[in-house]
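Engineer: Can you keep this structure in mind? I'll have questions shortly.
The values are calculated or read from the model by the stated rules, or taken from the named source; none is laboratory data. All figures in this text were calculated on a predicted structure; none of them were measured in a lab. Note that each Cβ is placed from the backbone with ideal geometry, even for glycine, and that neighbours are counted across all protein chains shown. Ligands, DNA and RNA are excluded from the accessible area calculation, which covers all protein heavy atoms including side chains. Shrake-Rupley method; radii C 1.70, N 1.55, O 1.52, S 1.80 Å.
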Amino acid sequence: MKISPNQLVIIKPDDWHLHVRDKEIMKAVLPESYRWASRAIIMPNLVPPITTGEDARLYANRIKACIDKDINFEPLLTLYLTEETEADDVVSAYRKKIIKAVKLYPAGATTNSSNGVRNINGVYPVLGAMSEQGIPLLIHGEVTDPQIDIFDREAVFIEKILAPLRNEFPDLKIVMEHITTEQAVSYVLNEEKNLAATITPHHLVVNRNVMLSGGIKPHYYCLPVLKKEPHRLALIRAATKGDKRFFLGTDSAPHLDSSKIHDCGCAGVFNASFAIEILAQLFDNEHELKNLESFVSLSGAEFYGLPHNRENIILSKSDKKLEIPKKLQTSEGDITLFDPLMSIYWRIKN
Ligand code: DOR
Ligand code: ZN
């Protein structure tokens, strides 16, 4: 890394949590990620979900077919865990390098999660096989019990599901995806190995007031839902100090505006386009630019046991504010870009 007041050279980043969807939407959103990322962990919550090694192989081919040969971008596929998932299929897909990880969605926790896991004990045999093979489990960590307040669902998940699961499988490599609370930060900080967490740009730069005060703003609605300010501050401390257990997963989750602005609007923030510029500004504001590379380019690869990328990117700071376009146009309709509501002076130099 080379760092000077107005320029930063860092190893090219990766995105350890990304939704690229399929078909026309995929064609439109992929370039927003491969502009700055070398690799991305691709979420499997399509309709129908990517539940088998064969589904993942075909999905990887569809993604690669959208990317020109001269572009260096590697999609890292995941399987959507269900109570019907067969351990042999997971292990074989991992050994054949078709998948990098398995995603656990509690049934009903979020977008396209209805085929997820209802009874966690039902998937323990698969988790046992993953633990033996070193296959990472990526967790959407929220309980779905309607009795539990939506703002408490992550903390309750840690206590009721994650802690017992980790007791049972201490060697299983786990990533708590898109953490949003100080409880999740503390939980990760208490563990020395086999546990890490991704953090999104949006949970780092906005809190729930932005979504709910002065009018309801559906483009800030995501799951886990934005939390109050002390949680955001805990996430900033976790992300910006160079701790290897926390790394970037944008959770960029595009939905057409017609699905967001709706009687029952979809959860998801589309932030892939300017994720790095937003994070550079955040780290700069925190006087922690020296730790940006660790968060966006190094720690995730290290957790997954992958080499660092060979290419670099150059970030430069100018006096002119970055203008973030409002919409990405697709042949299916518009998708609204995440507005970080802060002044951004950093840009990626081509
Ligand atoms: O806000 C979200 N959107 N959270 C998720 O967990 C899923 C995602 C999506 O797929 O739209
Ligand atoms: Zn996600």
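Engineer: Suppose the filter is open to solvent by 60 Å² or more (accessible area, probe 1.4 Å), at negative phi, of a type outside the set (Ser, Thr, Tyr) and in a helix (DSSP H, G or I); does ARG232 pass it?
Structural biologist: Numbers: open to solvent by 60 Å² or more (accessible area, probe 1.4 Å): no; at negative phi: yes; of a type outside the set (Ser, Thr, Tyr): yes; in a helix (DSSP H, G or I): yes.
Criteria not met by ARG232.
Engineer: Would you check if there is a residue in the range 260-275 being assigned to a loop (DSSP other than H, G, I, E, B) and under 16 Å from ILE199 (Cβ atoms)? Reasoning before the result, please.
Structural biologist: Kept after step one, since they are assigned to a loop (DSSP other than H, G, I, E, B), are these residues of the range 260-275: 261-268, 270-271.
Going one step further and asking which of them are under 16 Å from ILE199 (Cβ atoms), we end up with 271.
Yes, some residue in the range 260-275 is assigned to a loop (DSSP other than H, G, I, E, B) and under 16 Å from ILE199 (Cβ atoms).
Engineer: More than 22 Å from PRO5 (Cα to Cα), within 16 Å of the chain's Cα centre (by Cα) and not basic (Lys, Arg): is that true of SER299 in this structure?
Structural biologist: yes
Engineer: Test of understanding: among ALA87, ALA109, which residue is within 16 Å of ligand 2 (Cβ to nearest atom), small (Gly, Ala, Ser) and open to solvent by less than 50 Å² (accessible area, probe 1.4 Å)?
Structural biologist: On the way: ALA87 fails: within 16 Å of ligand 2 (Cβ to nearest atom).
Matching residue, one of ALA87, ALA109: ALA109.
Engineer: Something else: May I ask you to list the residues in the range 105-152 that are within 12 Å of ligand 1 (Cβ to nearest atom), among the small types (Gly, Ala, Ser) and in contact with a helix residue (DSSP H, G or I) (Cβ under 6 Å, 6 or more places away or on another chain)?
Structural biologist: Correct list: GLY141 only.
Engineer: Going through the range 303-338 one residue at a time, which ones are buried (at least 17 other Cβ atoms within 10 Å of the Cβ) and either at pLDDT below 95 or closer than 16 Å to LEU279 by Cβ (or both)?
Structural biologist: Selection gives ILE313, LEU315, LYS317, LEU337, PHE338.
Engineer: Right, here's the next one. Would you check if there is a residue in the range 326-336 being part of a loop (DSSP other than H, G, I, E, B) and either touching a Gly at 6+ places or on another chain (Cβ under 6 Å) or aliphatic (A, V, I, L, M) (or both)? Break it down stepwise before answering.
Structural biologist: Of all residues in the range 326-336, those part of a loop (DSSP other than H, G, I, E, B) come to 326, 331-332.
Those left that are additionally either touching a Gly at 6+ places or on another chain (Cβ under 6 Å) or aliphatic (A, V, I, L, M) (or both): none.
No, that holds for no residue.
Engineer: Going by the structure shown, is TRP16 of a type in the set (Phe, Trp, Tyr), open to solvent by less than 10 Å² (accessible area, probe 1.4 Å) and either on the phi > 0 side of the Ramachandran plot or part of a loop (DSSP other than H, G, I, E, B) (or both)?
Structural biologist: Numbers: of a type in the set (Phe, Trp, Tyr): yes; open to solvent by less than 10 Å² (accessible area, probe 1.4 Å): yes; either on the phi > 0 side of the Ramachandran plot or part of a loop (DSSP other than H, G, I, E, B) (or both): no.
When the stated conditions are applied, TRP16 does not pass them.
Engineer: Does the range 234-242 contain any residue that is over 17 Å from LEU18 (Cβ atoms), at pLDDT 95 or above and within 15 Å of the chain's Cα centre (by Cα)?
Structural biologist: Looking only at the range 234-242, we keep the residues that are over 17 Å from LEU18 (Cβ atoms), and these are 234-242.
From the residues that got through so far, the ones that are at pLDDT 95 or above too are 234-242.
Among the residues that remain, those that are also within 15 Å of the chain's Cα centre (by Cα) are: 235, 239.
There is at least one residue in the range 234-242 that is over 17 Å from LEU18 (Cβ atoms), at pLDDT 95 or above and within 15 Å of the chain's Cα centre (by Cα).
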